[in-house]
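Heads up: the structure comes next, in structure tokens.
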Amino acid sequence: MDSSPPAATGVLKARPLALDTFRENVVVLSRHSQVLRPERLRGARKVELRAGGRTLLASTMIGDEGLLAADEVGLPQPLFRRLGVAAGDAVQLLPARPPESLKVVRSKLAGLSLDGPACAAVARDLAAHRWSDMEVAAFLVACASFMSPEETLHLTRGMIDAGARLSWGDRLVVDKHCIGGIPGNRTSLIVVPIVAAHGLTIPKTSSRAITSPAGTADTMEVLARVDLSETEMRRVVDEAGGCVAWGGRVNLSPADDVLISVERPLCIDTPEQMVASILSKKVAAGVGRLLIDLPVGPTAKVRDSRGALKLRKLFEYVAGHLGLAIEVTITDGSQPIGRGVGPVLEARDVMSVLDGRPDAPADLQEKAIRLAGRVLEADPDLPGGAGEARARALLAGGAARAKMAEIIGLQGCSPLSARLSDQTHEIRAARTGIVGAVDCLRIANVARLAGAPNDAGAGVDLLKRPGEKVLAGEPLYRIHGSDSSDFGFAVEAAMADSGFAVTS
């Protein structure tokens with residue numbers, strides 16, 4: 001007979017489970033749980049967990065015979081880490097009331113405007129993982145219908161305040177960010193070492209890709225670790241003057257990481273969410289002057305000058321109220337930049353530019369120099385108009401390459417393989433002629449279908465550029481993939497529409 005004392009009311013023993021529920025908090029209870037019977041949960045959407053001074057909400061699953069004891073609570077890996085418990089620790093459970101901030105979703109769906117306190121409550125609860133993915137999706141869809149500049153500002157402030165903020169003393173801290181949408185446009189990985197080699201401080205933080213085949217963090221991870229703690233990030237910046245890190249680990253605007261995790265599979269990337277995401281991360285990172293690269297083109301995120309002007313004004317409005325000096329530069333987004341689309345392929349292009357190889361993509365090199373020059377103009381000791389020449393000299397003389405090597409060495413070895421995925425298929429021209437327009441959205445979609453960025457070696461290697469002559473049967477680009485089903489989807493999509501227009 002079991003002589004152990006009965007479990008305290010509402011308390012179960014933590015048992016880690018080898019399950020990955022991705023971002024979502026999920027607990028597993030025994031069908032014979034001593035604390036919460038399954039029938040009690042029918043009217044409760046979630047449970048509240050308390051352990052070690054932390055409180056989290058979680059959805060529930062029920063385990064049948066043999067999975068858990070009646071006095072245990074199963075914690076999949078994400079929730080186990082967030083609670084910070086050890087196996088066997090006491091965890092208190094009770095039915096949870098829905099977060100008050102969920103009222104915001106209903107208000108927004110009803111067409112009401114959100115004020116500062118409402119947006120702050122949303123950001124806090126998102127950062128605390130109190131919303132389910134379904135609730136986050138409802139919020140994103142509601143906001144996608146309409147958000148005013150004032151609401152965007154309120155949300156940005158709330159996202160900043162819900163996480164950590166970095167301070168770099170009296171140093172001039174600069175950064176550059178692209179809104180995305182142009183395959184291969186990996187200029188940041190060239191701009192950062194140029195700017196750091198000049199002597200300005202550039203703590204580059206980046207999110208993972210949302211709707212693209214690779215983000216800056218995804219590509220940098222092919223070269224070095226990006227999952228840096230705040231202490232590690234500070235050490236790299238103090239020693240090298242710059243870094244390229246994933247912002248999520250440093251807890252900068254953590255609500256943004258939650259939003260992005262749902263935006264990514266839904267391919268939602270509205271201008272208002274984009275502005276709130278970028279500016280909340282940059283202000284939290286301690287940036288004082290920011291250059292925004294806003295590509296415009298027929299298949300880019302921003303299609304025309306009218307949309308570009310509207311987005312530029314929104315960036316300027318929010319940044320101005322946050323005390324962030326900003327410059328928005330509108331660039332050519334009519335075609336992909338460089339040759340590679342996908343983390344490994346884009347890292348190859350970046351290093352070829354930094355190494356000064358004769359086969360380096362000239363368009364990627366020239367755009368990076370122009371953008372780095374604009375950032376360097378922030379240096380009060382540099383004569384006006386001298387930024388681009390200085391950037392070109394730092395790249396050509398090898399200082400930028402040496403700085404990148406220093407940053408990579410300080411951040412540590414990459415956890416990823418730099419090998420291209422071994423399955424390949426070439427998409428060939430149906431006719432002889434001149435390559436005309438290239439559909440950025442189509443090429444990005446093919447690369448994503450092939451597995452990028454989750455499969456770092458997957459993607460599209462562009463073999464022809466607009467303006468080049470191509471013969472019938474000659475390859476336009478090569479698809480790389482490793483998962484047979486993903487690769488098949490990518491090839492099928494490319495065969496249906498290559499994204500290349502060939503004119504006679």
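List of remarks:
- Dipole of the chain [Lys/Arg +1, Asp/Glu -1 at C-beta], most positive-end residue of Gly88, Pro343, Ala123: Ala123
- Under-5 Å amide H pairs with Cys178, H placed in peptide plane, nonlocal only: Asp293
- Using alpha carbons only, the radius of gyration of the chain set against its Kirkwood radius gives Rg/Rh = 1.01.
- Net charge dipole size for region 11-95 [Lys, Arg +1 and Asp, Glu -1 on Cβ; Debye, nearest 20]: 320 debye
- Computed from phi, the 3J(HN,Hα) profile of region 58-63 under the Karplus parametrisation 6.51, -1.76, 1.60 (θ = phi - 60°) reads 8, 7, 10, 10, 10, x Hz, with x in place of Gly and Pro.
- Positive minus negative residues near Asp89 (Lys, Arg vs Asp, Glu; Cβ under 14 Å): +4
- Charged side chains reduced to their Cβ positions (Lys and Arg at +1, Asp and Glu at -1) give the chain a dipole of some 560 debye around its Cα centre.
- Three-way shape call for region 11-95 based on the alpha-carbon gyration tensor, with the a/c threshold at 1.5: rounded
- In sequence order, region 315-331 has phi-based couplings of 4, 5, 5, 5, 4, x, 6, 9, x, 9, 6, 9, 10, 10, 10, 8, 10 Hz under the Karplus curve 6.51 cos²θ - 1.76 cosθ + 1.60, θ = phi - 60°, and Gly or Pro positions carry x.
- By other beta-carbon atoms within 10 Å, ranking Glu65, Glu492, Glu366, Glu346 with the fewest at the front produces Glu65, Glu492, Glu366, Glu346.
- Note, ³J(HN,Hα) from phi for region 67-81, Karplus 6.51, -1.76, 1.60, rounded to Hz, x at Gly and Pro: 7, 9, 7, 5, 9, 10, 10, x, 10, x, 4, x, 6, 4, 5
- Between the residues Cys440, Val460, Thr503, the greatest Cα displacement towards the positive end of the dipole of region 423-503, with unit charges on the Cβ of Lys, Arg, Asp and Glu, is found for Thr503.
- Least to most buried among Phe22, Phe80, Phe500 (fewest other Cβ within 10 Å first): Phe22, Phe80, Phe500
- Cβ-to-Cβ counts within 10 Å put Trp168, Trp131 in ascending order as Trp168, Trp131, the fewest first.
- Proximity of backbone amide H atoms, modeled 1.01 Å from N, is registered between Cys243 and Ile202, Lys204 at under 5 Å, excluding neighbours fewer than 5 places apart on the same chain.
- Annotation: amide H of Ala437 within the under-5 Å range of Ala501, sequence separation 5 or more or interchain, hydrogens built in the peptide plane.
We did not get these values from a lab; they are worked out from the coordinates using the rules stated. Remember, predicted model here, so these are calculated numbers, not experimental data. Don't worry about glycine lacking a Cβ; one is built from the backbone with ideal geometry, like all the others, and counts go over all protein chains shown.
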